[in-house]
């Protein structure tokens, strides 16, 4: 079985929506979060493919920035039950920084030390800004980028990044249940190995739908949670 970028994007979207549905409506069910961990590696791989094939990186970055800004209030309402929170920024800001890391890697090719220092600085920015998953999306995207000529190599580098992130979670003292959930993330690398290098179905409408799906599904989950028709919320 071979998978197009459309199939990978659809799989990533479903995993992300399952993750957020578990967070919003079934917080005591860990299976939802386990499925959701597959989304980030897929989105990072797709971001690298988008960067390689885009005709205008600046336009790509502007779309991500606009969507990140639009999504931030719904994200804060879903996660923190308030309109603004500095505790964490939504994943689109993380992907925007990851896109910048690809630009740095591309423009500083052959300059190992300056490139490494800039990438490390960008990781520090990601952690200081408290974007979702901190430095991990940058590391994943760089893994796939430097593994373009050998997909197994890119997948192996990405797996190492995911396991390092999980180890750091464990060492930081977070709940053991969350560490175990994070161990599911490398499963998201399996579909990448079956990527066939083709776009699959593509149209401006589909592109818009994939972009709009992020803020819209969060708003829908907020509405469903507000209706209190799912446990445990209908008891309160």
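Residues in the range 221-229: is at least one within 20 Å of the chain's Cα centre (by Cα) and part of a helix (DSSP H, G or I)?
Here is the first cut: in the range 221-229, the ones within 20 Å of the chain's Cα centre (by Cα) are 221.
After this cut, where a residue has to be part of a helix (DSSP H, G or I) as well, the list is 221.
Within the range 221-229, one or more residues are within 20 Å of the chain's Cα centre (by Cα) and part of a helix (DSSP H, G or I).
If residue 114 satisfies every condition in (1) touching a residue at least 60 places away in the same chain (Cβ under 8 Å); (2) under 28 Å from residue 49 (Cβ atoms) but one, which is the exception?
(1)
Count, please, the residues in the range 6-39 that happen to be surrounded by fewer than 20 Cβ atoms within 10 Å (Cβ to Cβ) and under 29 Å from residue 198 (Cα atoms).
Residues in the range 6-39 being surrounded by fewer than 20 Cβ atoms within 10 Å (Cβ to Cβ) and under 29 Å from residue 198 (Cα atoms): 7 in total.
Assuming residue 131 fulfils every condition listed in (1) farther than 22 Å from residue 10 by Cα; (2) modelled with pLDDT under 95; (3) touching a strand residue (DSSP E or B) at 6+ places or on another chain (Cβ under 8 Å) apart from one, which condition is it?
(2) is the only condition that residue 131 fails.
So for the range 59-76 (the condition being closer than 26 Å to residue 194 by Cα, surrounded by fewer than 19 Cβ atoms within 10 Å (Cβ to Cβ) and touching a helix residue (DSSP H, G or I) at 6+ places or on another chain (Cβ under 8 Å)), does at least one residue qualify?
yes
Quick check: is even one residue across the range 106-120 within 30 Å of residue 224 (Cβ to Cβ) and in a helix (DSSP H, G or I)?
no
What are the residues in the range 188-229 that are free of Cβ contacts under 8 Å to residues at least 40 places away in the same chain and under 18 Å from residue 154 (Cα atoms), if any?
The answer is 190, 197.
The values are calculated or read from the model by the stated rules, or taken from the named source; none is laboratory data. A quick note: this is a predicted structure, and the numbers were derived from the prediction, not measured. Every residue, glycine among them, receives a Cβ derived from its backbone with ideal geometry; neighbour counts consider all protein chains shown.
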